[in-house]
Each structure stands twice: as structure tokens, then as C-alpha cells.
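The block underneath contains the structure these notes are about, expressed in C-alpha cells.
The values are calculated or read from the model by the stated rules, or taken from the named source; none is laboratory data. Bear in mind that the values here come from a model prediction, so they are computed numbers and not experimental data. Cβ coordinates were reconstructed from backbone atoms using ideal geometry, including for glycine residues, and neighbour counts include every protein chain displayed. Surface areas here come from the heavy atoms of the whole protein model, side chains and all, with no ligands, DNA or RNA. Shrake-Rupley method; radii C 1.70, N 1.55, O 1.52, S 1.80 Å.
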Amino acid sequence: DIVGEDAYRSVALNSLSTGFLIASLMWVKEHEPENYEKIRYIMLPKDYIRFRMCGEYGTDMSDASSGAIFDTKQRRWAWELIDSLRIDRQIFPTCHESCEVVGTVSRACAEATGLKCGIRVACGGGDTLVQAVGNGIISPGVLSANIGTACQISGGFNEPLYDEAYRTNTFCHVKKD
């Protein structure tokens, strides 16, 4: 059976939203089963770009946690939730820390872009979390406000801190602890 809302939230530490990866994936599964059956891997946008650069398939903890099918406390895919939704585990990529080097620029990428073949490529991070680093959120006790298309207040903590009413988002930072 599909997991209830409270059990889901206690793992993902977020409420479900239409913008999250799992919501889109489940929509395709229900409304476009012929396309769903063709899925080999799921990739977030920066992961697809990195895949094209170096041929390495994967994601980082910050982006994975923003997909809302991630065990944010354990920093891993929420396999129990994935299984309860009857989704093939094989389509979920290996998760890395954002700063991990996961490949090098391929010859094909070098020829297409002018980048030097062999340049090391890091896994990368989710946009809001990488912006948080740029705003100085690299240790606990620092908060940052971003006012733009999406307005948000962000902070870094050594362990998941979340609103028990799930009115906010809680994602993994780009580096553990």
C-alpha cells in the first residue's frame, strides 16, 4: 500500500508539491504509462548536463532531497517510499556530495564546447543550496534572505531542522554537516 501522508513527511521532511520530481514522475506513471515504461534513468537538469559532459550518471544530496522522494535525515533515497509507490529502484541515480569529482570532460564534450578534455567535473548542487553557499551559509548560525522570483530565507544546520507543520522546505545542504 502507498504510504500515508504523515509517514511520507517524516521521511522526506517536506509536504508534497507539484514542482517536486516525485509528483511529476507519478503523473507520468499514471497519465502516460507508455512514456513511463521507457524511463531508464531520472535526471535533474544539471545532472543531465553533467551526464552529457562526462558520461557519468548520478546526482547530489541537495538536488535529490528537493525531489521529495529522499530520506533527508539519512541522506539517501527513500527506498521504502519508492517501493511502496512501485517504482523501479534502478532509475534512481547514485547520490554524491556536491563537491565530489564524478568524472572528466569527455572528448565529445570538448569538441562541442571548446572545454579542455579531461577537466575534472564535480557533481554540483541544487540551485538554492549552492546560492546559500554563495551567501555565506557554510556553518550553523547564518541565515540568508533571497528576494527574487522565489523569495526564501535559508539557514544551515548540522542536522535536519524542519517545521513539524511542514510549512517550509527542508533539503540537504551541499555538504554533510
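Quick one: accessible surface of Met26, probe radius 1.4 Å, all protein chains present, in square angstrom to the nearest 10.
50
Any idea how far apart Val142 and Asp88 come out in nm if each label point goes 7 Å out from Cα toward Cβ?
Those two pseudo-labels are separated by 4.3 nm.
Only Lys, Arg, Asp and Glu count, each charged at its Cβ (+1, +1, -1, -1), so figure out the dipole size of the chain about its Cα centre, rounded to 20 debye.
Charge dipole of the chain: 700 debye, to the nearest 20.
Mind ranking Glu30, Glu97, Glu56 by accessible surface for me, highest first, 1.4 Å probe?
Accessible-area ranking of Glu30, Glu97, Glu56, largest first: Glu30, Glu56, Glu97.
Using a 1.4 Å probe, what is the accessible area per residue for the chain, in Å²?
Normalised by residue count, the accessible surface of the chain is 60 Å².
Extending each Cα 7 Å along its Cβ direction at Glu80 and Leu161, get the distance between those two points in nm, one decimal.
Here the answer is 2.6 nm between the modelled labels.
Once the principal axes of the Cα atoms of the range 1-86 are found, what is the range along each, listed largest first in whole angstroms?
So the three principal-axis extents are 40, 32, 20 Å.
Could you work out what % of the accessible surface of the chain is carbon and sulfur, using a 1.4 angstrom probe and leaving DNA, RNA and ligands out of the count?
Here it works out to 53 percent.
Residues of the range 50-77 with the amide nitrogen closer than 14 Å to a label point 7 Å from the Cα of Lys29, along Cα-to-Cβ, please.
Flagged as within label range: 68-70.
Normalised by the residues of the chain, what does the relative contact order come to in percent, with Cα pairs under 8 Å and at least six apart?
Worked out over the chain, it gives 24 percent.
Please report the accessible area of Tyr48 (heavy atoms, 1.4 Å probe, ligands and nucleic acids excluded) in Å², nearest 10.
Estimated to the nearest 10 Å², Tyr48 gives 110 Å².
Under a 1.4 angstrom probe, counting protein chains only, how are Ile153, Ile69 ranked by accessible area, largest first?
Ile153, Ile69
I need the P(r) histogram for the range 5-155: all alpha carbon pairs, bin width 5 Å from 0 out to the longest distance, whole percents.
2, 9, 15, 18, 19, 16, 12, 7, 2, 0
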